[in-house]
Protein chains: 2
Amino acid sequence: MPQTETIVRNGINVTQLLQTIEATKADDAVGTFTFRAASTWKEGTYNVGTVDGFTHAGSEDATRSAPFVLEGDEPPVLLGGNRGPNAVELVLQALGFCYAVGYVANAAARGIEVTRMDYEIEGDIDVRNFLGQDGPRPGFTQIRVKGTVSSPNATPSQLTELCEYVQATSPVRDIIANPVPVTTSLEIA
Amino acid sequence: MPQTETIVRNGINVTQLLQTIEATKADDAVGTFTFRAASTWKEGTYNVGTVDGFTHAGSEDATRSAPFVLEGDEPPVLLGGNRGPNAVELVLQALGFCYAVGYVANAAARGIEVTRMDYEIEGDIDVRNFLGQDGPRPGFTQIRVKGTVSSPNATPSQLTELCEYVQATSPVRDIIANPVPVTTSLEIA
């Protein structure tokens, strides 16, 4: 169906979104990505990471002019110098970002205008296992998320239903709530 | 046992590490943390997040003078403007940081000097489910990590064994590889 006009809602190009959906229906490969990150240890608990290119439908994306640089560290109580958030905090941040993208993009597709979308995320963890002792699992035992949304043209039930939909289709929620296979190799240089 | 000297190895204060382990043995609460993040939607797929304080043993940590600010966005092919890494890339970055901290800290405790610790992390994902179509799970279907380590005083078998130990005790690996309960609520403002 020819589009003569580009529809943008919530800053989301809905026309492009619908075209992307059609493209993935026509060719499964259009939906496939391999994302990457790299990290370099600096000192103590301090690491510097980069996120740069990725593979989409088997080809390298070339739209990023420079890598994103992230710093990771621990607070003093966990032997660090507070030069960045720690790794588990980054996971919480990723969940908030993922929820927000899913909410706003799906709202745009449904004709829902969003004027505010905030998340507060928290996770409980016990470091005893990490420290080599008996204790609960190494990772979060529970994560809680509180979203706050405002919309001038949607009913509360539409907004609540969308929140349920986003939970069911969020990549980061799926990664956290369900098992992902991780293979790890080590090269000695 | 009284310490008259502080031992630092790989930039890790081993004396503090051992004291922390003893403290968590004496009082389980010393091992407990609640970490937090917050995110604010700006426009389209662009969000700005903050990581600031956390709760340790029931009390608020006050060592961070300012929040860490992170930007999240999507590349153009996923309707964004490349103003930051996307959420699933952040998860990969977190895994690299977590592995590095675990490796270097445990190496320090074992007397292993580390002079290089790099990680490359990649994850395969299919966005069809996120786009509301049939397809694989929303999250990563597979994550691969390649570490590179150098040590002047450890054998290859010591370094390989440590890599196995770190995988078993890494908080972020556990969060990814095993299910974490996530509860999500929505407030309409």
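The values are calculated or read from the model by the stated rules, or taken from the named source; none is laboratory data. Only a predicted model underlies this, so the values are computations on that prediction, with no experimental measurement involved. In this analysis, Cβ positions are derived from the backbone assuming ideal geometry, glycine residues included, and neighbour counts consider all displayed protein chains. Only protein heavy atoms, including side chains, enter the accessible area calculation; ligands, DNA and RNA are left aside. Shrake-Rupley method; radii C 1.70, N 1.55, O 1.52, S 1.80 Å.
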Checklist entry - Residues B:Thr169, B:Thr148: which one is facing another protein chain (nearest Cβ under 7 Å) and out of contact with any helix residue (DSSP H, G or I) (no Cβ under 9 Å at 6 or more places or on another chain)? => result B:Thr148
Item to check | Members of the stretch B:132-145 found to be within 7 Å of another protein chain (Cβ to nearest Cβ), within 18 Å of A:Thr55 (Cβ to Cβ) and open to solvent by 20 Å² or more (accessible area, probe 1.4 Å), listed by number | outcome: B:Gly135, B:Gln142, B:Arg144
Checklist entry - Is it true that some residue in the stretch B:115-128 is open to solvent by 10 Å² or more (accessible area, probe 1.4 Å), over 18 Å from the mean Cα position of the chain (by Cα), closer than 29 Å to B:Arg9 by Cα and more than 7 Å from chain A (Cβ to nearest Cβ)? => result yes
Checklist entry - Name the residues in the stretch B:40-71 that are out of contact with any Lys or Arg (no Cβ under 7 Å at 6 or more places or on another chain) and of a type in the set (Gly, Ala, Ser), would you? => result B:Gly44, B:Gly49, B:Ala57, B:Gly58, B:Ser59, B:Ala62, B:Ser65, B:Ala66
Next on the checklist: Being surrounded by fewer than 22 Cβ atoms within 10 Å (Cβ to Cβ) and under 16 Å from the mean Cα position of the chain (by Cα) is the filter here; which residues of the stretch B:42-52 pass it?
Outcome noted: B:Thr50, B:Asp52
Item to check | Residue that is surrounded by the most Cβ atoms within 10 Å (Cβ to Cβ), among those in the stretch A:95-114 that are in contact with a Ser or Thr (Cβ under 9 Å, 6 or more places away or on another chain) and closer than 12 Å to A:Gly11 by Cβ | outcome: A:Val101
Checklist outcome for this item: Across (1) more than 7 Å from chain A (Cβ to nearest Cβ); (2) buried (at least 24 other Cβ atoms within 10 Å of the Cβ), B:Gly72 clears everything bar (1)
Next on the checklist: Quick test of your reading of the structure: A:Asn86 fulfils all but one of (1) more than 7 Å from chain B (Cβ to nearest Cβ); (2) of a type outside the set (Ser, Thr, Tyr); (3) within 23 Å of B:Pro75 (Cα to Cα); (4) open to solvent by less than 10 Å² (accessible area, probe 1.4 Å). Name the failing condition by number.
Outcome noted: (3)
Checklist outcome for this item: Per the filter on the stretch A:155-189, residues open to solvent by less than 20 Å² (accessible area, probe 1.4 Å) and in a loop (DSSP other than H, G, I, E, B) are A:Ser170, A:Val180
Next on the checklist: All but one of (1) under 21 Å from the mean Cα position of the chain (by Cα); (2) more than 9 Å from chain B (Cβ to nearest Cβ) hold for A:Ala23; state the number of the condition that does not hold.
Outcome noted: (1)
Checklist entry - What number of residues within the stretch B:57-69 are open to solvent by 40 Å² or more (accessible area, probe 1.4 Å) and of a type outside the set (A, V, I, L, M)? => result 6
Checklist entry - On the given criteria, is B:Arg137 in a loop (DSSP other than H, G, I, E, B) and at pLDDT 95 or above? => result yes
Next on the checklist: Out of the residues in the stretch A:26-41 meeting the condition of being at the interface with chain B (Cβ under 7 Å from one of its Cβ atoms) and of a type outside the set (S, T, N, Q), tell me which one is farthest from the chain's Cα centre (by Cα).
Outcome noted: A:Trp41
Checklist outcome for this item: In the stretch A:131-165, residues that are touching a residue at least 12 places away in the same chain (Cβ under 8 Å) and touching a strand residue (DSSP E or B) at 6+ places or on another chain (Cβ under 6 Å) total 13
Next on the checklist: Which pairs turn up if I take residues in the stretch A:42-68 that are over 19 Å from B:Gly123 (Cα atoms) and look for partners that are charged (D, E, K, R) and assigned to a strand (DSSP E or B) with beta carbon separation below 8 Å, at least 6 apart in sequence or on another chain?
Outcome noted: A:Tyr46/A:Glu71; A:Asn47/A:Glu71; A:Val48/A:Lys42; A:Val48/A:Glu71
Item to check | So A:Gly111, is it under 23 Å from B:Ser65 (Cβ atoms), more than 7 Å from every other protein chain (Cβ to nearest Cβ) and modelled with pLDDT of 95 or more | outcome: no
